Amino acid sequence: MIREITILPGLDKSGVKEHYANITLSAGETISIVGPTGSGKTAFITDIELLAQEDTSTRRSGLVNMALQKSCGLYVRIEDIRLLAGKD
């Protein structure tokens with residue numbers, strides 16, 4: 001079951017690194033994606049749909065049910081964190 005999807009930054013249409021750390025979307029959450037024509041809204045939605053792995057034009061990556069550990073640069077499954085914490 002998908003509980004959350006985290007999108008890691010890639011490149012904008014000019015090839016410049018995007019300026020955000022990551023975006024996490026949780027199951028059941030309602031979001032809006034807004035911006036002017038050509039700003040990348042459709043590319044962002046496509047990356048989510050395809051669970052991009054640096055294999056789209058944006059070079060973004062999508063993580064499913066993963067937690068980003070910023071301090072050491074590791075990706076850990078949320079289920080593993082719950083097991084370590086003794087929670088189901």
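Quick one: in region 40-67, which of the residues that are touching a strand residue (DSSP E or B) at 6+ places or on another chain (Cβ under 8 Å) and of a type in the set (Asp, Glu) is nearest to Ile2 (Cα to Cα)?
Asp47
Restricting to region 7-54, name every residue that is in a loop (DSSP other than H, G, I, E, B), of a type in the set (D, E, K, R) and touching a Ser or Thr at 6+ places or on another chain (Cβ under 7 Å).
Correct list: Glu54 only.
Can you pull out every residue in region 43-88 that is modelled with pLDDT under 90, closer than 17 Å to Thr24 by Cβ and in contact with a helix residue (DSSP H, G or I) (Cβ under 7 Å, 6 or more places away or on another chain)?
Passing the criteria: Gly62, Asn65, Met66, Ala67.
Does region 30-39 contain any residue that is at pLDDT 85 or above and under 16 Å from Ile2 (Cα atoms)?
Yes, region 30-39 has at least one match.
Which of the residues belonging to region 1-51 are exposed (fewer than 15 other Cβ atoms within 10 Å of the Cβ) and among the aromatic types (Phe, Trp, Tyr)?
Tyr20
The values are calculated or read from the model by the stated rules, or taken from the named source; none is laboratory data. Computed from a predicted model, the values in this text were never measured in an experiment. Using ideal geometry, Cβ is built from the backbone for each residue, glycine included, and neighbour counts are taken over all protein chains shown.
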